[in-house]
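Participant: I have a structure I would like to understand better, so I am pasting it below and will then ask my questions one at a time.
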Amino acid sequence: MLFWLFCLCMDLLIPVVMLLLGRHFLTRPPKTINDLYGYRTARSMKNQSTWDFAHRTCGRLWFRLGLVLLPLSALVMLPVLGADTGTVGLWCGAVALVQTVVLLGSIFPVEQALKKEFDQFGKKR
């Protein structure tokens, strides 16, 4: 039971981080383009307009995904409540893998939105 609780907490980390960073990017995004923190891709770092747009778009997406993943992750862990540690660990790893795929997959819609909104030089269409 203790290991299951530990795994549940670990599986809730990614959705919580997505919620917090999503909210942060929406309300207080990084002011200037930097190499330290933020949504940093070649397209988002072209100029200040692309940087601001990328953070609004990513923030909105991450917040929504976090809202969906948080309860879903908790529900998915319920079937292995009381199972042996091997089963719980495997289940926990699978949940974390799916969450990571969702997190990394969120890059594609943000990049697509940037591509639709700005030309290849970062000028608004």
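What follows is calculated from the coordinates using simple rules that are stated; it is not laboratory data. No experiment lies behind these values; they were computed from the predicted model shown. Please note: Cβ atoms are built from the backbone with ideal geometry, for glycine as well, and neighbour counts cover all protein chains shown.
Participant: Test of understanding: in a Gaussian network model of the chain with alpha carbons linked when under 10 Å, which of W62, W51, W91 would top the mean-square fluctuation ranking?
Facilitator: It is W91.
Participant: Here is a further query. With springs only between Cα atoms under 10 Å, which of G66, G105, G22 fluctuates most in a Gaussian network model of the chain?
Facilitator: Comparing G66, G105, G22 in the GNM, the peak value goes to G105.
Participant: Which of F108, F53, F63 moves the most in a Gaussian network model of the chain with Cα springs under 10 Å?
Facilitator: Looking only at F108, F53, F63, the biggest GNM fluctuation is shown by F108.
Participant: Related question: In degrees from 0 to 90, rounded to the nearest 10, what is the angle of the helix 2-27 Cα long axis to the longest principal axis of the chain?
Facilitator: Orientation of helix 2-27: about 20 degrees from the principal axis.
Participant: Let me ask something else about it. Using a Cα-Cα cut-off of under 16 Å, which lysines could be cross-linked to K116, ignoring same-chain neighbours fewer than 8 residues away?
Facilitator: Filter leaves K46, K124.
Participant: Now a separate question. Using the reciprocal of the averaged 1/r over all distinct C-alpha pairs, how large is the Kirkwood radius of the chain in Å? Numbers along the way, then the final one.
Facilitator: Numbers: mean 1/r = 0.0634 Å⁻¹.
Computed over Cα pairs of the chain, the Kirkwood hydrodynamic radius comes out at 15.8 Å.
Participant: Extending each Cα 7 Å along its Cβ direction at L90 and C9, get the distance between those two points in nm, one decimal.
Facilitator: Result for the modelled spin labels: 2.5 nm.
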